[in-house]
Amino acid sequence: MNTLAIINRSTPFKGQAGQESVDLVLAAATFGQQVSVFFVDDGVFQLLTQSPAEVEQKHFAKSFGAFEFYDVESIYVCQKSLSQRGLSKSDLIIETEIVDENRLNQLLSQHHNVLSLS
Amino acid sequence: MLKHLSERWGVFVLGGSNLATISIIVTSPALDSQGAYSALRFIQATIEKGHSVNGVFFYQAGVTVANGFQTVLSDELALYEKWQDLAQQHKIPLQVCVTAANRRGVISHEDAQQDKNRHDHNLVSPFQSVGIGELVAMLNESDKSIQF
Amino acid sequence: MEHFITFEQQQIPTDKAGYLLNVEDWQPELAPVLAATENIELDENRWEVVNFVREFYLEFNTSPAIRALVKAMANKYGPEKGNSRYLQRLFPKGPAKQATKIAGLPKPAKCL
C-alpha cells in the first residue's frame, strides 16, 4: 500500500475545499490508505477557532479531531505560512507538527501521491 | 514547493525511457479553468509516448466534466465529447466521486431513481459514479499520479 | 414535508432513506421507533453503541465509519466491544449505517 499526502491550501469556507478534504482523508483512511495531512498557505486558517454557523456552514474542522480514530496521525503545518499570517502554534485547534519549508518538501517527496485541495 | 513537484514531473514525463502507469486526478472545473483540458491533452501525450493511464478520478469541481448536459456552440470545443472519445479509444475508466458530483448536480440514473422528484440524470457512461475506494485502488495500481 | 416519521402525534422530518433531517429532533424515546424501521430491538449493548455513535458525531461532526468506530469503542470499552464482529452482530446491516440512523444522525456520505 502506498502513501497519500493531502495538502489543504485554502481558507475554511472558500467553496467546498475544506469539507471535501475531510471527506477524502476519512474515506481514503477507511479504505486502508496511509494518509498524511498538510496545511499550507491559506490552508492554515482552517486550524483556527471558527464560528461557521454564522455563515450557515457545517463545522468540518471539528472532524480533524476524529483523524486519530482513522489512524491519520501525521499532520503537518507550514511554519512559513503561519508566520506570514501572524499565527503561531498556540492559535491552532489541534496538535500538529510545525515544519519549515525544507522539511515540508522532504516529507512531500516521501509520499507516492500528493493531492492539493484549494 | 509546487515548482519542486512540477520539475520532478517534467523530468519524468519528457525523459520517458521508462514506461510507467499513471493515474490522473481532475479537481478543476470543466469550463472555468484550464485544468480539465490540460488533463485531456496530458493523457493523450502520455499515451503517445507509450505510458499507460489506469484511470481518471474526478473530484471537487472536476466532477462537472462528467455533466452530460453540457451544451456548447458548434464552433466551440466540445470538451465532454473529447473525454468520451478518449475513454472509448483507450479504455480508460472515468470515475466520478458520487458525493462531490451530487453536491454539484451531477446525478447518475441510479441516484435519480431514488428521488421521485427527479426525472432526469446527467452522469452517464463512460463516466462512472464511484466512491473514494476506487481512487485508493487506482492510486495503488499506478507508479505516479498527477493532478489537474 | 415529503418524508417523516410520526412520534407522539408529531411529524418529524427525515430524508428519503429515513434518517432524521435535524440532529436536534432526536430524543432517546425516538430511538426505538427508528430502530423498528431497521427491524432492530434496542437492548443494553445496542443502546451503548447508539449513544456512543451520537456522542462521536456531536463532538466531531462526522459519523464514524466502521474502522473508526472499532478503534474508538476499543479505546473506551476495550477490545471485547471494540471489534467489528461484535458490532456487526448487533447491527447486521452495518453498524455505521444502522446505529447512525437510530442515533438520529444524517445519512453518511455515499462515497465513504
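Values quoted throughout were computed directly from the atomic coordinates according to the rules given, and no laboratory measurement underlies them. All of these numbers come straight from a predicted model, not from anything done at the bench. A quick note on method: Cβ atoms are made from the backbone with ideal geometry, for glycine too, and the neighbour counts reach across all protein chains shown.
Couple of notes before you dig in:
- Helical content alone sets the calculated 222 nm signal of chain A at -7000 deg cm²/dmol, taking -39,500 (n - 2.57) per DSSP H segment of four or more residues and averaging over every residue.
- Percent antiparallel among DSSP beta bridges (both partners in the protein assembly as shown, rounded to 5): 10
- Cα-projected label distance for B:SER38 with B:ARG103, points at 7 Å along beta-carbon direction, nm: 2.2
- Whole-Å distance, taken between Cα centres, linking region C:1-35 and region A:1-36: 32
- In chain B, the calculated helix contribution to ellipticity at 222 nm averages -11500 deg cm²/dmol per residue, counting -39,500 (n - 2.57) for every DSSP H run with n ≥ 4.
- Its Cα gyration tensor gives chain B an equivalent ellipsoid; the semi-axes, largest first and in whole Å, are 28, 17, 14.
- Computed from backbone phi with θ = phi - 60° and the Karplus coefficients 6.51, -1.76 and 1.60, the 3J(HN,Hα) list for region B:141-148 is 10, 10, 8, 8, 10, 9, 10, 10 Hz; x is used for glycine and proline.
- Extension gain, B:GLN70 back to B:GLU48 (0.36 nm per residue minus Cα-Cα distance, nm): 5.1 nm
- Only the Cβ atoms of Lys and Arg (+1) and of Asp and Glu (-1) were treated as charged; on that basis the dipole of region B:19-147 about its Cα centre amounts to roughly 200 debye.
- For C:LYS81, the lysines whose Cα falls under 27 Å of its own Cα, not counting residues fewer than eight places away in the same chain, are A:LYS62, C:LYS71, C:LYS93, C:LYS97, C:LYS101, C:LYS107, C:LYS110.
- C:ASN45-B:ASN140 FRET efficiency (beta carbon distance; Förster radius 30 Å; 0.05 resolution): 0.25
- Entry for region A:23-84 at q = 0.22 Å⁻¹: log10 I(q)/I(0) = -0.98, Debye formula applied to identical alpha-carbon scatterers, no solvent contribution.
- Area projected by the alpha carbon convex hull of the protein assembly as shown, averaged over all directions, nm²: 21.4
- Label positions at B:GLN113 and C:GLN11, each projected 7 Å from the Cα along the C-beta direction, are separated by 2.8 nm.
- Label sites at A:HIS59 and C:GLU29, each approximated as a point 7 angstrom past Cα along Cα to Cβ, lie 2.8 nm apart.
- log₁₀ of I(q)/I(0) at q = 0.17 Å⁻¹ - region C:1-79, Debye sum with one point per alpha carbon: -0.76
- Phi to ³J(HN,Hα) by Karplus 6.51 cos²θ - 1.76 cosθ + 1.60 over region C:36-52, Hz, x for Gly, Pro: 4, 5, 9, 6, 10, 9, 7, 9, 4, 5, 5, 4, 4, 5, 4, 5, 5
- In order along region B:54-69, the phi-based Karplus estimate (6.51 cos²θ - 1.76 cosθ + 1.60, θ = phi - 60°) of 3J(HN,Hα) comes to 8, x, 10, 10, 9, 9, 6, 5, x, 5, 5, 4, 8, 6, x, 8 Hz; Gly and Pro are listed as x.
- Amide H within-cut-off set for A:GLN34, under 5 Å, with H built and near neighbours excluded: A:LEU4
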